[in-house]
Protein chains: 2
Amino acid sequence: MSSVENCACFNVRRVARVITQFFDAKVRCHGIRPTQTPILGALQAKDGWGMAELSEWLGMERTTLVRNLRPLQRDGLVRANGSGRGGRVELEITQKGRTALAKALPGWRSAQNKVVAILGEERWSAIISDLEQVAVKLKDQ
Amino acid sequence: MSSVENCACFNVRRVARVITQFFDAKVRCHGIRPTQTPILGALQAKDGWGMAELSEWLGMERTTLVRNLRPLQRDGLVRANGSGRGGRVELEITQKGRTALAKALPGWRSAQNKVVAILGEERWSAIISDLEQVAVKLKDQ
DNA sequence: CTTCACAATGTGTATATACACACAAAGGCC
DNA sequence: GGCCTTTGTGTGTATATACACATTGTGAAG
């Protein structure tokens, strides 16, 4: 029972790698990476996120988000308004960011559809819901 | 339907982050990381792995495994016998590696039990099995 | 006004991940 | 023997991730 094959961490990371590579192959040619898509998506849905707030929503270490934003800021897809160190920062997606996201959307949708189709939409929803529950419970501890 | 919240890549990566942090908190104090555990585990179960062979089994890019082995080799937990560039390499776990893995096992088991307990063993097995299927189908494409 | 704790952010360092590319050995073909 | 494909490995570069620590603004207590 307690072997490598059953390890929750290993198994989830393993499938995350494969799925990420699959999504990457579909959106890379549009200039953004699958890991950047949710950041842009969150900013497009609602402006004015703070760093800590957005990192919480993404389930990502705050300091990780700081680094992940760097390439997006450098390329002008995201703007960070605020004094930076010490002061609160307001994040917003730029017009260029919106355009990039829109361009990558067909590729993303194709990947998403193919992944979901493997198990079916219902099964997939159940798994996502269960995994979400795991994440929530683990963050309490 | 096609929003950030439903993205398969985002959701799986998200839960992978949380689970990894949880495992990390349990095994870090024993000197190894949750991402290194499966490598050591695979080598303990069977010696003589080649690079490509092991990376395939781990569902990891071959070049990623090369880098991930570096800290383990540096710390003397894993040995790579072979000419390296060009020639086939035989990987093996050292005695120090076996000891480190054994020391971390209680922490790992604790984390594993707690994660599995959230959904129950049956539910968890079903999810792992389904995700495994997704990984296999995606690698064909 | 000063100090002090808190809240929000960034940095140092290390590992994890992978695409594009480069390199070397082994074996078949001529 | 000399070429060439195939197989097995490593490197360059870039992003992703996070723990430990540092920094700065703000408001409350004195």
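Could you please let me know if residue A:129 is without any contact (Cβ under 8 Å) to a residue 40 or more places away in the chain, part of a helix (DSSP H, G or I) and either more than 7 Å from every other protein chain (Cβ to nearest Cβ) or among the aliphatic types (A, V, I, L, M) (or both)? When the stated conditions are applied, residue A:129 passes them.
Considering only segment B:26-40, I want to know if a residue exists there that is part of a helix (DSSP H, G or I), within 14 Å of DNA strand C (Cβ to nearest atom) and surrounded by fewer than 20 Cβ atoms within 10 Å (Cβ to Cβ). So far as segment B:26-40 goes, yes, one or more of its residues are part of a helix (DSSP H, G or I), within 14 Å of DNA strand C (Cβ to nearest atom) and surrounded by fewer than 20 Cβ atoms within 10 Å (Cβ to Cβ).
When the residues of segment B:74-101 are narrowed to those that are of a type in the set (Gly, Ala, Ser) and under 15 Å from residue B:32 (Cα atoms), which ends up farthest from the other protein chains (Cβ to nearest Cβ)?
Restricting attention to segment B:74-101, the residues satisfying the condition of being of a type in the set (Gly, Ala, Ser) are B:76, B:80, B:82-84, B:86-87, B:97, B:100.
This time we only want the ones that are under 15 Å from residue B:32 (Cα atoms), so: B:76, B:97, B:100.
Details: B:76: 21, B:97: 14, B:100: 15 Å.
By that ranking, first place goes to B:76.
May I ask you to verify whether residue A:79 is of a type outside the set (Phe, Trp, Tyr) and part of a helix (DSSP H, G or I)? It is false that residue A:79 is of a type outside the set (Phe, Trp, Tyr) and part of a helix (DSSP H, G or I). Which is farther than 24 Å from residue A:21 by Cα, touching a residue at least 24 places away in the same chain (Cβ under 8 Å) and among the aliphatic types (A, V, I, L, M), of B:39, B:32, B:19? Answer to the selection: B:32.
Here's the yes/no breakdown for (1) at pLDDT 95 or above; (2) at the interface with chain B (Cβ under 9 Å from one of its Cβ atoms):
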| site | (1), (2) |
| --- | --- |
| A:3 | no, yes |
| A:12 | yes, yes |
| A:23 | yes, yes |
| A:35 | no, yes |
| A:42 | yes, yes |
| A:61 | yes, yes |
| A:69 | yes, no |
| A:72 | yes, no |
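Filter segment B:102-126 down to the residues that are at the interface with chain A (Cβ under 10 Å from one of its Cβ atoms) and within 16 Å of DNA strand C (Cβ to nearest atom), then identify the one that is farthest from residue B:39 (Cα to Cα). Only one residue fits best here, namely B:111.
In the condition set (1) under 15 Å from the mean Cα position of the chain (by Cα); (2) basic (Lys, Arg); (3) within 27 Å of residue B:22 (Cα to Cα), residue A:14 is compliant with all but (1).
Among residues belonging to segment B:54-69 that are free of Cβ contacts under 8 Å to residues at least 60 places away in the same chain and assigned to a loop (DSSP other than H, G, I, E, B), point out the one that is farthest from DNA strand D (Cβ to nearest atom). Before the answer, list the steps.
Here is the first cut: in segment B:54-69, the residues free of Cβ contacts under 8 Å to residues at least 60 places away in the same chain are B:54-58, B:60-69.
Narrowing further to those that are assigned to a loop (DSSP other than H, G, I, E, B): B:60-61.
Working: B:60: 13, B:61: 9 Å.
The qualifying residue farthest from DNA strand D (Cβ to nearest atom) is B:60.
Residue B:11 meets the conditions (1) closer than 21 Å to residue B:135 by Cβ; (2) in a loop (DSSP other than H, G, I, E, B); (3) more than 11 Å from DNA strand C (Cβ to nearest atom) in every case but one. The failed one is (2).
Note on segment B:45-95: residues that are open to solvent by less than 30 Å² (accessible area, probe 1.4 Å) and within 14 Å of the chain's Cα centre (by Cα) total 8.
The values are calculated or read from the model by the stated rules, or taken from the named source; none is laboratory data. Keep in mind that this is a model prediction, so the values were computed, not measured. Here the Cβ is made from the backbone with ideal geometry for all residues, glycine too, and neighbour counts use every protein chain on show. The area values use the complete protein model at the heavy-atom level, side chains included, leaving out ligands, DNA and RNA. Shrake-Rupley method; radii C 1.70, N 1.55, O 1.52, S 1.80 Å.
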